[in-house]
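The values are calculated or read from the model by the stated rules, or taken from the named source; none is laboratory data. Computed from a predicted model, the values in this text were never measured in an experiment. A quick note on method: Cβ atoms are made from the backbone with ideal geometry, for glycine too, and the neighbour counts reach across all protein chains shown.
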Amino acid sequence: MPVASLRRAARETVSGLPREFWWLWTSTLVNRLGSFVATFMALYLTLDRGYSASYAGLVASLHGLGGVVSSLGGGVMADRLGRRPTLLVAQSATAASVALLGFVHDPVAIAAVAFLVGMASNASRPAVQAMMADIVRPEDRIRAFSLNYWAINLGFAVSSMAAGFIAEFSYLAGFLIEAGMTALCAVVVFLKLPESRPERTATQKAAEEGIGLGTVLRDRRYMGVVGLSFLVALVFQQGSVGLPVAMGEAGFTPADYGLAIAVNGILVVALQIPLTRFIQDRDPRRLLVVSSVLAGYGFGLTSFAGSVGVFALIVCVWTLGEMINAPTQTGIVVRLSPVHGRGRYQGVYTLSWSLAALVAPLMSGLVIDRFGAEWLWGLCTAVGTAAAIGYGVLMRRMPEEEREQRSKTETETSVPAAAEAAGG
């Protein structure tokens, strides 16, 4: 009986979404299955090329800086050129730059190409999120974003394990495999995904001309959400930057950290789909408040961890917050974005995570070196609490009738393909 219930729940979770969504989902999964550079760049530079840890950190920062730059550029391209052309350009450029990175040896050239890889790979994110919002009905978006998040984590979990074996054989093979998989994503987009940008009337075209990055930055409510997203992202980033450093200083080995952090991927893959059914019709304000509290206090509990088992249990706490936050927050971003400005709005939202990826390593290193790891976990608790309060206050300013009106407008302006899929 429980097995039958699980099967029924899985069917309900994946049913009713348009075919175009599943091709986009497949592209995301393939892309993550081939990810290699972000996982093993530091090991490649230090062990295979013999560069210092400082140089490896510089390259990682330049890779992140490229992502910051392209967050805005990718959003503008998605609105002006369209979602499909932006995806094709970004994925083709990523494939070419990743392949090139495997062949360059000069330290300046490696740093420059790493910047290009970061810029190209991140440029597709606003387009993916905007396309998903275009083709999925408003009432199904939380479910769709959750399934996409599940695909990202499933692909990353598999690729991380495979990349370890590939690295033992050849780092170059890893770069070429990622380039090939990314090129395959571009082929999927080219063959299976039509342009999803809503058709525009003359009035809407004129309105779109008035939507620039300045428009997004002047949207106080939206920028409030972006600011809160940055705070939450700072906390979640500590799982990959602050936690390994703190565990190392406490005498734990890299293998111990690997065991503890593996719980994150396992939980997402195992629980994201059933959790989606639980949260899809819940109040997003409460979900964001709860997820922020779980994130902040989850990392705060790290101060009391003294064994790998306890670290793993604590990872469970903030991973639950991560699983709730990711689809819910993305859904709110779409809800607050004008239909014909989704690319720019998604680009600014993506920027909040890219900036957090730059700031988090600096923040964690500074706090741990000067004050100790306990202060870092206390700071995470404070930041998570501040984000929870912020969401509670900010979401009050979004009345239910306004949400329904936005959903109605978005439904009426959806692309024909989405309407046909919904009717089928």
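Laid out as a table, the results:
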item	result
Counted residues, the range 349-391 - those being within 18 Å of N325 (Cβ to Cβ) and under 15 Å from the mean Cα position of the chain (by Cα)	9
Residue list for the range 95-110, filter: within 12 Å of R49 (Cβ to Cβ), part of a loop (DSSP other than H, G, I, E, B) and touching a residue at least 40 places away in the same chain (Cβ under 8 Å)	G102, H105
All positions within the range 226-246 that are farther than 19 Å from G57 by Cα, crowded, with 18+ Cβ neighbours inside 10 Å and not β-branched (V, I, T)	L228, S229, F230, L231, A233, F236
Qualifying residue in the range 302-309 (condition: modelled with pLDDT of 85 or more and either within 25 Å of M132 (Cβ to Cβ) or touching an Asp or Glu at 6+ places or on another chain (Cβ under 8 Å) (or both))	yes
Selection count, the range 262-280, where residues are crowded, with 19+ Cβ neighbours inside 10 Å, β-branched (V, I, T) and within 16 Å of G298 (Cβ to Cβ)	1
Condition check for A207: within 25 Å of L72 (Cα to Cα), at pLDDT below 85, out of contact with any Phe, Trp or Tyr (no Cβ under 6 Å at 6 or more places or on another chain) and surrounded by 14 or more Cβ atoms within 10 Å (Cβ to Cβ)	yes
Hey, W375 modelled with pLDDT of 85 or more, of a type outside the set (D, E) and closer than 21 Å to R218 by Cα or not	no
So L320, is it in contact with a Phe, Trp or Tyr (Cβ under 7 Å, 6 or more places away or on another chain), of a type in the set (A, V, I, L, M, F, W, C) and more than 27 Å from S61 (Cβ to Cβ)	no
Residue that is farthest from the chain's Cα centre (by Cα), among those in the range 36-46 that are surrounded by fewer than 23 Cβ atoms within 10 Å (Cβ to Cβ) and either outside the structural domain of V128 (by TED's automatic domain parsing) or at pLDDT 75 or above (or both)	T46
All positions within the range 47-72 that are of a type outside the set (A, V, I, L, M, F, W, C) and part of a helix (DSSP H, G or I)	D48, S54, Y55, G57, S61, H63, G64, G66, G67, S70, S71
Output for the range 322-365, where each listed residue is among the small types (G, A, S) and either within 21 Å of G66 (Cα to Cα) or in contact with a Gly (Cβ under 6 Å, 6 or more places away or on another chain) (or both)	G343, G347, S352, S354, A356, A357, A360, S364
Qualifying residue in the range 109-122 (condition: of a type in the set (A, V, I, L, M), surrounded by 24 or more Cβ atoms within 10 Å (Cβ to Cβ) and closer than 15 Å to V189 by Cα)	no
Check on S303, buried (at least 18 other Cβ atoms within 10 Å of the Cβ), in contact (Cβ under 8 Å) with a residue 12 or more places away in the chain and in a helix (DSSP H, G or I)	no
Subset of the range 336-374 (residues that are surrounded by 19 or more Cβ atoms within 10 Å (Cβ to Cβ) and among the charged types (D, E, K, R))	R342, R344
Search result, residues across the range 73-94 that are at pLDDT below 90 and part of a helix (DSSP H, G or I)	G73, G74, G75, V76, M77, A78, D79, R80, R83
V128 assigned to a helix (DSSP H, G or I), within 19 Å of G341 (Cα to Cα), of a type in the set (V, I, T) and under 15 Å from the mean Cα position of the chain (by Cα)	yes
Residue within the range 171-180 that is touching a Leu at 6+ places or on another chain (Cβ under 8 Å), surrounded by fewer than 20 Cβ atoms within 10 Å (Cβ to Cβ), among the aromatic types (F, W, Y) and modelled with pLDDT of 85 or more present	no
Some residue of the range 349-371 being touching a Pro at 6+ places or on another chain (Cβ under 7 Å), assigned to a helix (DSSP H, G or I) and either at pLDDT below 95 or of a type in the set (D, E) (or both)	yes
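One line per residue, one yes/no per condition, for (1) of a type in the set (V, I, T); (2) more than 29 Å from G248 (Cα to Cα); (3) in contact with a Leu (Cβ under 7 Å, 6 or more places away or on another chain); (4) in the same structural domain as A127 (by TED's automatic domain parsing):
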position: V339; (1), (2), (3), (4): yes, yes, no, no
position: L351; (1), (2), (3), (4): no, yes, yes, no
position: L362; (1), (2), (3), (4): no, no, no, no
position: G365; (1), (2), (3), (4): no, no, no, no
position: A373; (1), (2), (3), (4): no, no, no, no
position: W377; (1), (2), (3), (4): no, no, no, no
position: T381; (1), (2), (3), (4): yes, no, no, no
position: G392; (1), (2), (3), (4): no, yes, no, no
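Conditions (1) in contact with an Asp or Glu (Cβ under 8 Å, 6 or more places away or on another chain); (2) in a helix (DSSP H, G or I), marked per residue:
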{"position": "G258", "(1), (2)": "no, yes"}
{"position": "A262", "(1), (2)": "no, yes"}
{"position": "V269", "(1), (2)": "no, yes"}
{"position": "F278", "(1), (2)": "no, yes"}
{"position": "R282", "(1), (2)": "no, no"}
{"position": "L287", "(1), (2)": "no, yes"}
{"position": "S291", "(1), (2)": "yes, yes"}
{"position": "A295", "(1), (2)": "yes, yes"}
{"position": "G298", "(1), (2)": "no, yes"}
